[in-house]
Amino acid sequence: MAEKRTMTLNLTEAEMNALEELSRRKDLSKTAVIRQALRLYQLIDKRLERGEKLFFEDEAEKKKAEVMVV
Amino acid sequence: MSKSRVDLVRRSDGSLVEATLVDGVEPSDLIVVERAWTIVRARLIGRLRAASVPRKEWPESWHWNWERKAPELAQLAASGFGILSDEDWQGLMLIKTAPYVARIEADRGKPLVYVDYLEVAPWNWRIPALGEEGRYKGVGSILFREAAKLSLEEGFHGRVGLHALPQAEAFYESACGMTALGRDPRKQDLVYFEFSREQAQKFLEKGGD
């Protein structure tokens, strides 16, 4: 595994609550949640940069909505 | 990149051969691999054609191209592992740590390590129809074990998922002890296999395949 660097992260209470909730639901440490979020953000950003689009689809409701990522 | 020592088994005499496990294969390595493997692959495919061996008996990864997978290593979610011996790459594995999640009910929706590609060098292929036994044994097992170990290191509790080519199904189900979760129409109808945390633990404790 690649060498890691340490940083301090400043979060609001709401952000910290969201991080703790994701950590609990996904059974991951808070660091692992942040790392997963970064991987996903980079993955999505690269694909959008290539001109692809990101959608959420509800098969049961037959709804499809494009997700805008900044 | 990190390197560690592993042992391969030479099929011709059962002796152990020292090899290097590389965690952090670079895109340039994939180009080297493709150049070295493509010649041997082409030679074997030529022999299979000449011997009129039915296509279903050919090694199923014969058409893979590692050079084309090189750009994927730019993703944070992608990592490459490989085994070097005799100055040649004996096998390679490309894994993803996102955006794949567990399908087994107990851990559904939780992240796992997804094995995107795992292939041994063509000179290690066992091709009974040609009398080819392959040079080294254990290359695929060592690489797959790294996927389970990485899953633990990432905090994924050993969860690993993959779509197996038909010739590899028995290996993942019987030798590794993964759960087969049926054919996946979104992935060429290949069977999807998954390690639960308990299965991964058992596999890693076993110490071999």
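Listing for the model above:
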{"item": "For B:Ala74: the one exception among (1) touching a residue at least 40 places away in the same chain (Cβ under 8 Å); (2) within 13 Å of another protein chain (Cβ to nearest Cβ); (3) touching a Ser or Thr at 6+ places or on another chain (Cβ under 9 Å)", "result": "(3)"}
{"item": "Which listed residue is more than 14 Å from chain A (Cβ to nearest Cβ) and either surrounded by 15 or more Cβ atoms within 10 Å (Cβ to Cβ) or hydrophobic (A, V, I, L, M, F, W, C) (or both), from B:Ser85, B:Ser28", "result": "B:Ser85"}
{"item": "Positions within segment B:138-179 being within 14 Å of another protein chain (Cβ to nearest Cβ) and of a type in the set (Asp, Glu), in sequence order", "result": "B:Glu146, B:Glu153, B:Glu154"}
{"item": "Subset of segment B:106-137 [within 14 Å of chain A (Cβ to nearest Cβ) and of a type outside the set (A, V, I, L, M, F, W, C)]", "result": "B:Asp107, B:Arg108, B:Gly109, B:Lys110, B:Pro111, B:Tyr114, B:Asp116"}
{"item": "Which numbered condition B:Glu119 fails, given (1) within 29 Å of A:Ile34 (Cβ to Cβ); (2) in contact (Cβ under 8 Å) with a residue 40 or more places away in the chain; (3) not polar (S, T, N, Q)", "result": "(1)"}
{"item": "Hits in segment A:30-48 (condition: at the interface with chain B (Cβ under 7 Å from one of its Cβ atoms) and either surrounded by 17 or more Cβ atoms within 10 Å (Cβ to Cβ) or among the hydroxyl-bearing types (Ser, Thr, Tyr) (or both))", "result": "A:Ala32, A:Gln36, A:Arg39, A:Leu43"}
{"item": "Filtered residue count, segment B:188-200, keeping only those that are surrounded by 15 or more Cβ atoms within 10 Å (Cβ to Cβ) and within 19 Å of the chain's Cα centre (by Cα)", "result": "9"}
{"item": "Matching residues, segment B:161-194, being farther than 20 Å from B:Glu60 by Cβ and free of Cβ contacts under 8 Å to residues at least 60 places away in the same chain", "result": "B:Gly177"}
{"item": "Count - residues of segment B:2-32 that are in contact with a helix residue (DSSP H, G or I) (Cβ under 8 Å, 6 or more places away or on another chain), under 20 Å from B:Ser61 (Cα atoms) and of a type in the set (Val, Ile, Thr)", "result": "2"}
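Only the coordinates and a few stated rules stand behind these numbers; no lab work does. These numbers come from a predicted model, not from an experiment. Using ideal geometry, Cβ is built from the backbone for each residue, glycine included, and neighbour counts are taken over all protein chains shown.
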